[in-house]
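Asks: Quick one: the structure is below, and I'll ask about it shortly.
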Amino acid sequence: PVNLRVGGRLMAPAEVFPRVAVFAPDGRTLYSVASSQQFGRIPPPPHTLQVIDPVQRRITRSVTLPANTEILDAVVSPDGGLLVGVGQTNAIHMVDLATLTYSARIAGLNPLGDAQPYSGVMERVLMSPRGDRFY
């Protein structure tokens, strides 16, 4: 059997509530999306992308994401260059991790198939092993 134990903690700054955290493929960087509110609101409060050094247990960079960007789940591409997130606003969000810039917002599709906007929630995202598709 494997003996799992907590090796340490990284406390979030005051009034910052982490939503999701995902490691880069090499395990050397942890990306966390955080909010200034504990639970989602519409429109969502500003979210930040935090770049964390897991060995030093410290935040090395923090980038404010555009308004109405609420990320509830995220995945990093196999090459470590792109973070794809989904969330409350039924949109797919992309962040270029090389430059730490928000690179795209794609509106989610209406599952009913009509032209009306859909205000649902995307809760999970997965990426193919090659990084060429996400689901």
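FYI, it's all coordinate maths here, none of it is from the lab. All figures in this text were calculated on a predicted structure; none of them were measured in a lab. Ideal geometry is used to build each Cβ from the backbone, glycine not excepted, and the neighbour counts take in all protein chains shown.
Asks: Among 5-16, 95-106, 61-72, what's the highest-first ranking by average C-beta atoms within 10 angstrom per residue?
Replies: Ranking the peptides 5-16, 95-106, 61-72 by packing returns 61-72, 95-106, 5-16.
Asks: Net charge within 14 Å of Glu123 by Cβ-Cβ distance, Lys/Arg positive one each and Asp/Glu negative one each, not counting Glu123 itself?
Replies: Net charge around Glu123: 0.
Asks: Within 14 Å, Cβ to Cβ, of Leu30, how many net charges do the neighbouring residues add up to if Lys/Arg are +1 and Asp/Glu are -1?
Replies: Cβ neighbours under 14 Å give a net charge of +4.
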